[in-house]
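Each remark here refers to the structure printed beneath this line.
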Amino acid sequence: MKKFLALLFLCYAVSAVKHSLKFFLTGTSGTTNFPEFAGVATVDGIEIGYCNSIKRKAEPKYDWMNQLFEKKPQYLQLFSQKCQINQHFFKFSIGDFKKRLNQSEEYHVLQSLTGCEWDDKSGEIKGFNQYGYDGEDFMALDLQAETWITPKPQAFVIKHLWNDDKGRIQGNKHLYMSTCPELLQDHINYGRTFLLRTERPSVSLLQKTPSSPVSCHATGFYPHRAKLFWRKDGEEIHEDVKRGEILPNNDGTFQMSSELSVSLVKHENWRKYDCVFQLSGVKEEIITTLDKAKIQTNWVSPSEFPVPSAVGGAAGMVLLLVFSGVLYYCWRKRNDFQSVHGKC
């Protein structure tokens, strides 16, 4: 599971100069709470289009893409066809996998990560076509060796069947080593102002309680090639530090956090620590010194709470019990739903 998610949320080093066009596809069986099929296309980590089994036509997300599709309508047709064809392929494959793997359960999830990366400095192109099934790595196409590989012994029969389809392998190789890089470069050219911009983030220090780790949170930055770390006396530290992943915001920017455990740090030593944000293409760092006066928190000392009357306390307890019941119900409903797609 962790391996496949690591592929889905691949991050670049700050010094890397790479662009990517990726397609994230998900097919499900045995659930009515989720579309049977959904697909997302991204360029450099930014969602550019979406389709699912309900909305079968791929729709562009930004105005600059409309200009591209007006110039080259075959691209939009290709995206829509990819959505429709894969919807049927995923449904068939899940049924086929269930039969060949002797699975009786109704709930299954098939995912794929396909696309290409292009280094605009070296010109190097990397294509990929990988599948995950029920949250685990399942199948990957080695485009150089032109063969499917799998880490699952029980999937060897499926691997041999897929390897026998030489036409599909050749088609995938051409798609991800030739067509995909051309698509990617056109998207970069038409969306240059949007995709090649730089936006510096706002950086905040957050803490839940006085004994909790201090989170250095950067949000609103672009591109996603960024680094956030803690220093002590000017030297980067790793001990007592927990780094979060780079995550997308709804507006096309990104966010990330890095937590520092301060439970053993003496108050007089706090200012020896600072949080540093570095963004690819921007020389200036954003440095935030660890300072209690700068920390944002919702925590309120128990001594600052007003003492409620007996009646108020009883009413509050009733409300708390009701609210807890609602939370439990929502948690159960959410857990039931996640039992279907939580394996992804």
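Remarks
- The stretch 94-108, residues that are touching a strand residue (DSSP E or B) at 6+ places or on another chain (Cβ under 7 Å) and loosely packed, with under 12 Cβ neighbours inside 10 Å: GLU106
- When VAL300, VAL307, VAL311 are checked against the criterion of being at pLDDT below 90 and part of a helix (DSSP H, G or I), a single residue qualifies: VAL311.
- Restricting the stretch 265-297 to residues that are aliphatic (A, V, I, L, M) and in a loop (DSSP other than H, G, I, E, B) leaves a set whose member that is modelled with the highest pLDDT is LEU290.
- Residues of the stretch 58-105 classified as in contact with a Lys or Arg (Cβ under 9 Å, 6 or more places away or on another chain) and charged (D, E, K, R), total: 1
- For CYS216, the conditions (1) assigned to a strand (DSSP E or B); (2) touching a His at 6+ places or on another chain (Cβ under 9 Å) are fulfilled apart from (2).
- From the options TYR222, TYR176, residue that is more than 20 Å from the chain's Cα centre (by Cα) and among the hydroxyl-bearing types (Ser, Thr, Tyr): TYR176
- Qualifying residue in the stretch 135-148 (condition: farther than 30 Å from ASN33 by Cα and of a type in the set (S, T, N, Q)): yes
- Unique match (being touching a Gly at 6+ places or on another chain (Cβ under 7 Å) and under 20 Å from TRP299 (Cα atoms)) among SER261, SER215, SER257: SER257
- All of LYS152, LYS159 fail the test of being assigned by TED's automatic domain parsing to the domain that holds VAL17, surrounded by 13 or more Cβ atoms within 10 Å (Cβ to Cβ) and under 27 Å from the mean Cα position of the chain (by Cα), apart from LYS152.
- Pairs with Cβ under 9 Å, 6+ apart, first in the stretch 233-252 and free of Cβ contacts under 8 Å to residues at least 60 places away in the same chain, second exposed (fewer than 10 other Cβ atoms within 10 Å of the Cβ): ASP240/SER263; ASP240/LEU264
- Scan of the stretch 81-117 for residues that are modelled with pLDDT under 95 and in contact with a Leu (Cβ under 6 Å, 6 or more places away or on another chain), ordered by number: ASN86
- Residue list for the stretch 48-88, restricted to those being surrounded by 19 or more Cβ atoms within 10 Å (Cβ to Cβ) and of a type in the set (Val, Ile, Thr): ILE48
- LYS91 meets the conditions (1) closer than 30 Å to ASP186 by Cβ; (2) crowded, with 16+ Cβ neighbours inside 10 Å; (3) among the basic types (Lys, Arg) in every case but one. The failed one is (1).
- Meets criteria (touching a residue at least 24 places away in the same chain (Cβ under 8 Å), under 27 Å from LYS22 (Cα atoms) and touching a Leu at 6+ places or on another chain (Cβ under 7 Å)) for HIS224: no
- Within the stretch 23-34, one or more residues are outside any strand (DSSP E or B), touching a helix residue (DSSP H, G or I) at 6+ places or on another chain (Cβ under 6 Å) and either at pLDDT 95 or above or not aromatic (Phe, Trp, Tyr) (or both).
- When GLY132, GLY115 are checked against the criterion of being buried (at least 18 other Cβ atoms within 10 Å of the Cβ), in contact (Cβ under 8 Å) with a residue 40 or more places away in the chain, at positive phi and assigned to a strand (DSSP E or B), GLY115 stands alone in meeting it.
The values are calculated or read from the model by the stated rules, or taken from the named source; none is laboratory data. As the structure is a computational prediction, the values presented were derived from the model and not from experiment. Methodologically, a virtual Cβ is constructed for each residue, glycine included, from the backbone with ideal geometry; neighbour enumeration extends over all protein chains shown.
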